[in-house]
Amino acid sequence: MEMLRLEFDLQHHLVLSRKDPFEHTLIRLILSTLATSAEIANLKKRDLKQKGSLCSVQFHGEKARISPLDKETHDLINSLKGEKPFELNETEIDELVSKYSPKDKKYSAKSLRKAMIIFLKDSALFEVNLESLNQKELFDFMLDFNPLYSGSWLDEDGLREFVLNYSALNDIADPKRISEEIGVEESFVSSTLQSGKSIFLLAKKFDSERFIS
């Protein structure tokens, strides 16, 4: 359940931030590349590269590094105003990340990045040192295990699962309220709530029945 909750927290930032394109792009940048606050603040559009369907970014933080970047985040960064799109200091970046955190747990840019690393390593099901991978190995890894590269956190199935979990964890059954809070159409929320149960509720029921037996 711990990893399911971690995934929910990460998806929470991604889904709710879509209300603001600038802030959504920054959240995506952290989740797609594991960017630090310093790397975000120093990013320039000329640091973005694209070769065919492969996108990458050259970061200039405490040390220079090249990271793969999912195509949608690449395009969103290029759509922002200015050559240096994120004119923010560390405190401002942390406030932005915290704004889209779940109600019961506040994240900073650093802790969101750490959570994504934990999620990726757990998804891989084998020991992996992300920093030791070369550029191609890291891109292949992200394609396989990072939901931003496949789009699965924001596709219809991913959003349905998120709606069910959001409803369960926040104890909200009103489709209109959920719609307003997460920025997903009310009709979609309503049909989703009628279609199934959250995995958190199912797990809670299973634990309860196991305890009784």
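Take the residues in the range 30-66 that are at pLDDT 95 or above and in contact with a Ser or Thr (Cβ under 6 Å, 6 or more places away or on another chain), then tell me which one is nearest to Pro147 (Cα to Cα). Only one residue tops the list, namely Ser32. Can we say His12 is within 17 Å of Phe139 (Cβ to Cβ) and either in the same structural domain as Glu137 (by TED's automatic domain parsing) or crowded, with 21+ Cβ neighbours inside 10 Å (or both)? It is false that His12 is within 17 Å of Phe139 (Cβ to Cβ) and either in the same structural domain as Glu137 (by TED's automatic domain parsing) or crowded, with 21+ Cβ neighbours inside 10 Å (or both). Could you tell me whether Asn78 is over 14 Å from Glu7 (Cβ atoms) and modelled with pLDDT under 95? No, not satisfied.
Taken together, the criteria place Val57 among residues that are part of a strand (DSSP E or B) and assigned by TED's automatic domain parsing to the domain that holds Glu92. Of all the criteria given as (1) assigned to a helix (DSSP H, G or I); (2) farther than 21 Å from Ser56 by Cβ, the one not satisfied by Glu127 is (1). Residues of the range 1-14 that are of a type outside the set (Asp, Glu) and more than 8 Å from the chain's Cα centre (by Cα): Met1, Met3, Leu4, Arg5, Leu6, Phe8. Met142 passes every criterion in (1) hydrophobic (A, V, I, L, M, F, W, C); (2) outside any helix (DSSP H, G or I); (3) more than 18 Å from His24 (Cβ to Cβ) apart from (2). Could you please find all residues in the range 153-179 being closer than 17 Å to Ser17 by Cβ and not in a helix (DSSP H, G or I)? Scanning the range 153-179 gives Trp153, Leu154, Asp155. If the condition is being in a helix (DSSP H, G or I) and touching a helix residue (DSSP H, G or I) at 6+ places or on another chain (Cβ under 6 Å), then the range 180-192 contributes Ile182, Glu186, Val189, Ser190, Thr192.
Mind checking which residues of the range 153-182 are under 19 Å from the mean Cα position of the chain (by Cα) and either among the basic types (Lys, Arg) or surrounded by fewer than 14 Cβ atoms within 10 Å (Cβ to Cβ) (or both)? Within the range 153-182, Asp155, Glu156, Asp157, Arg160 qualify.
The values are calculated or read from the model by the stated rules, or taken from the named source; none is laboratory data. Keep in mind the model is a prediction, meaning the values are calculated, not measured. Note that we place each Cβ from the backbone using ideal geometry, even for glycine, and neighbour counts take in every protein chain shown.
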